[in-house]
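Accompanying notes for the structure given below.
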Amino acid sequence: MFNLSQVSKPVKTALWVIVAFVIAVSSASVLIYGDHFLLGSYEKLNNDDVKYVNSAKILLNQHTLAYNSGESPSTFIMPGMPFVLAGLMLIFGQGEAAVIAFRLLQVLLQAFSVYLIFVIANYMFNSRAALIASIATALYLPNYFSSGVILSETLFTTIFILLICFSLIALKSNQTKHYIIVAVLVIMGCYFKPHTGLFPVVLFILWLFNKVSWKTIVKHTVVISITMVLLLCPWWIRNYVTFDEFIPFTKSAGNPMLLGALINNAAPAQPFFDAHPEYAGDRASLFVGSDDSMAETAKKIMRYGFTNQPMDYLKWYTVEKVKGLYLGPYYWRTVFDIQLPFVYTIHVIAMLIGTSGLLYLLVKTIRKRNIPYLLLLLTLTYFTVIYIPFVAFSRYGYPNLFILFLAGAFFADRMLNTWGEMRLAARAEKMGAPL
């Protein structure tokens, strides 16, 4: 799959030019603008990015994984980001150099992702679609914002794309070693975003669709499960030793679930508070208490909403959540002073083309039972549905966009092919040649 020997030299040259372009532009962006990409303040610790940096310093100095807890141990986040930042701080010190190194690491990962997207598209479609996908990815400005911001999206997206690569390989080869790699990548993803953990369900559906024998399904399931458990054991042991309870991932789902239950981030209607006098009658009172209590509050709002405003809440938990994930670009700071309205317009066009491509893939999948196409469709569905109960916004949808770019590139390639055939037919007809 990673062997590009069948790709023509001009196309390979174009790919390396695109990769070099991404490295050059992204490096210039992060080195010139630097802390322009900061979302919070190191002094106030008022956003995830600066909190990650602070957590990495505590991890190095106190040997404690802390987040939103002073210097006390926490399970609010998975340890991926603090460990990566702490590793860079071991090399470059705990000052600005480590942050610059992290941004440059993300630059390289963005360029590597362009290569991986080419590999996937070339494997699934053809080299022209692969080149279209690579060019579109290289020109998509939110990728350059993602390189500059100190958040987990670039790291996770790279792992995610690799996960698709090795899932394609495993589904074709049916070899245990490839499914072990898939399981390793799933857990690597979990150490940044725990919702990755149920991705093997997608593989299970594909096995059933492909009529894989139950003996083989059980074998692969056992291999994946054992690998995942072994890789999660350090985290589980740390949590049990520290908190005297089994915590599989984090204890922070209540807040995003509660935020996700509030339509347009507004407090529920007054009748909800009348029915639940335990709250003070305003939005702030909903967020008082532990993570478990906020999760319970979210469930109360959902029950009330679906009982008394079923259409509003149905729309909120379907159409509006999907719009929240994909309609707006993950572009919270400008890159080279290019303003949001321009980026938003390009983003919407890209999403429309990508959606057309998804529909095209769906038709092809139904007609030809194409497993690679179905993998893309099920994966996007999984990573969309998993966010439905929670707050949904562009940061969470961003890692999924490469699937839309792949689908859009395939759609564009097919349209170019159709256009070319129509031109040839028109020319032949004009010259009086038989069709």
Quiz prompt | Any hit, segment 60-75, residues being of a type in the set (S, T, Y), assigned by TED's automatic domain parsing to the domain that holds S167 and over 24 Å from I187 (Cα atoms) | solution = yes
Exercise. Identify all residues within segment 21-34 that are exposed (fewer than 15 other Cβ atoms within 10 Å of the Cβ) and in contact (Cβ under 8 Å) with a residue 12 or more places away in the chain; write none if there are none.
Key: L31, G34
Quiz item: When segment 158-211 is examined, which residues are found to be hydrophobic (A, V, I, L, M, F, W, C) and free of Cβ contacts under 8 Å to residues at least 12 places away in the same chain?
Solution: L208
Quiz item: Got at least one residue in segment 304-319 being among the charged types (D, E, K, R), under 28 Å from L380 (Cα atoms) and either touching a strand residue (DSSP E or B) at 6+ places or on another chain (Cβ under 8 Å) or surrounded by 13 or more Cβ atoms within 10 Å (Cβ to Cβ) (or both)?
Solution: yes
Quiz item: What are the residues in segment 112-165 that are of a type in the set (D, E, K, R) and within 21 Å of F336 (Cβ to Cβ), if any?
Solution: E153
Quiz item: Do any helices (runs of 4 or more DSSP H) lying entirely in segment 325-435 carry at least 2 residues that are more than 30 Å from N265 (Cα to Cα) and touching a helix residue (DSSP H, G or I) at 6+ places or on another chain (Cβ under 6 Å), and which ones are they?
Solution: 340-368, 371-385, 401-430
Quiz item: In this structure, does T384 turn out to be touching a residue at least 40 places away in the same chain (Cβ under 8 Å), at negative phi and among the hydroxyl-bearing types (S, T, Y)?
Solution: yes
Quiz prompt | Lone qualifier among V202, V218, V222 - being modelled with pLDDT of 95 or more and touching a helix residue (DSSP H, G or I) at 6+ places or on another chain (Cβ under 6 Å) | solution = V202
Quiz item: Do the conditions hold for I366, that is, is it surrounded by 14 or more Cβ atoms within 10 Å (Cβ to Cβ) and of a type in the set (A, V, I, L, M)?
Solution: no
Exercise. Would you check if A392 is more than 30 Å from S152 (Cα to Cα), touching a Gly at 6+ places or on another chain (Cβ under 9 Å) and among the small types (G, A, S)?
Key: no
Quiz item: Would you say T137 is modelled with pLDDT under 95, hydroxyl-bearing (S, T, Y) and under 22 Å from the mean Cα position of the chain (by Cα)?
Solution: no
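A quick yes/no check of all residues on (1) surrounded by 23 or more Cβ atoms within 10 Å (Cβ to Cβ); (2) among the basic types (K, R); (3) under 27 Å from V335 (Cα atoms):
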| position | (1), (2), (3) |
| --- | --- |
| L109 | no, no, yes |
| F112 | no, no, yes |
| A121 | yes, no, no |
| L131 | no, no, yes |
| G148 | yes, no, yes |
| T157 | yes, no, yes |
| I161 | yes, no, yes |
| L168 | no, no, no |
Quiz item: Which residue out of G87, G40, G80, G93 is at positive phi and at pLDDT 95 or above?
Solution: G93
Quiz prompt | Leading residue by the ranking (farthest from V119 (Cα to Cα)) among those in segment 154-186 that are within 13 Å of the chain's Cα centre (by Cα) and hydroxyl-bearing (S, T, Y) | solution = T154
Practice problem: Scan segment 178-192 and give yes if some residue there is out of contact with any helix residue (DSSP H, G or I) (no Cβ under 7 Å at 6 or more places or on another chain) and part of a helix (DSSP H, G or I), otherwise no. | Solution: no
Quiz item: Of all helices (runs of 4 or more DSSP H) completely enclosed by segment 51-144, which ones contain at least 1 residues that are farther than 14 Å from I18 by Cα and without any contact (Cβ under 8 Å) to a residue 60 or more places away in the chain?
Solution: 80-92, 96-124
Exercise. Kindly indicate whether any position in segment 252-259 is closer than 29 Å to A66 by Cα, within 22 Å of the chain's Cα centre (by Cα), not in a helix (DSSP H, G or I) and not acidic (D, E).
Key: yes
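The values are calculated or read from the model by the stated rules, or taken from the named source; none is laboratory data. Only a predicted model underlies this, so the values are computations on that prediction, with no experimental measurement involved. All Cβ positions, glycine included, derive from the backbone under ideal geometry; neighbour counts span all protein chains shown.
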